[in-house]
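Step one of this worksheet: look at the structure below.
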Amino acid sequence: MDCEEERTAYRFDPVDLAQMRLLGRLPAGRRITVMLEARELAVGLMRGRLRRQYPHLSSREINLKLLKEVNRAQ
């Protein structure tokens, strides 16, 4: 990687080992519930940011922008 790529490359935050241990103790169904709740929070935060950026757009248009953003991240 050159210097420019290093500055723009996304770096994950360090893994919280204590949190991972706590999640590992949960039953599988509860771990999935926690994951889905975290996803719901993240999507809600993204949707709120888009609403502030584009207050004139309808909910449908905000959702389409959200989908484009999520697809681009993949």
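The values are calculated or read from the model by the stated rules, or taken from the named source; none is laboratory data. Not measured: the values here are computed from a predicted model. Cβ sites come from the backbone with ideal geometry, for glycine too, and all protein chains shown count toward neighbours.
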Practice prompt. Answer yes or no as to whether R21 is at pLDDT below 90 and assigned to a helix (DSSP H, G or I).
Written response: no
Item to complete: Please go through region 21-44 and pick out each residue that is surrounded by 10 or more Cβ atoms within 10 Å (Cβ to Cβ) and among the hydrophobic types (A, V, I, L, M, F, W, C).
Response: L22, L23, L26, I32, V34, M35, L36, A38, L41, A42, V43
Item to complete: Looking for whichever is part of a helix (DSSP H, G or I), modelled with pLDDT of 95 or more and surrounded by fewer than 10 Cβ atoms within 10 Å (Cβ to Cβ) here; the options are R52, R72, R7. Which one fits?
Response: R52
Practice prompt. Find all pairs meeting these conditions: Cβ atoms under 8 angstrom apart; at least six residues apart or on different chains; first residue within region 36-60 and free of Cβ contacts under 8 Å to residues at least 60 places away in the same chain and under 30 Å from L23 (Cα atoms); second residue charged (D, E, K, R) and assigned to a helix (DSSP H, G or I).
Written response: M46/E69
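Give region 61-74 a look and list any residue that's farther than 30 Å from L23 by Cβ, under 14 Å from the mean Cα position of the chain (by Cα) and in contact (Cβ under 8 Å) with a residue 12 or more places away in the chain, or say none.
Of the residues in region 61-74, the ones farther than 30 Å from L23 by Cβ are 61-62, 64-65, 68.
Remaining after also requiring under 14 Å from the mean Cα position of the chain (by Cα): 68.
Selection gives nothing.
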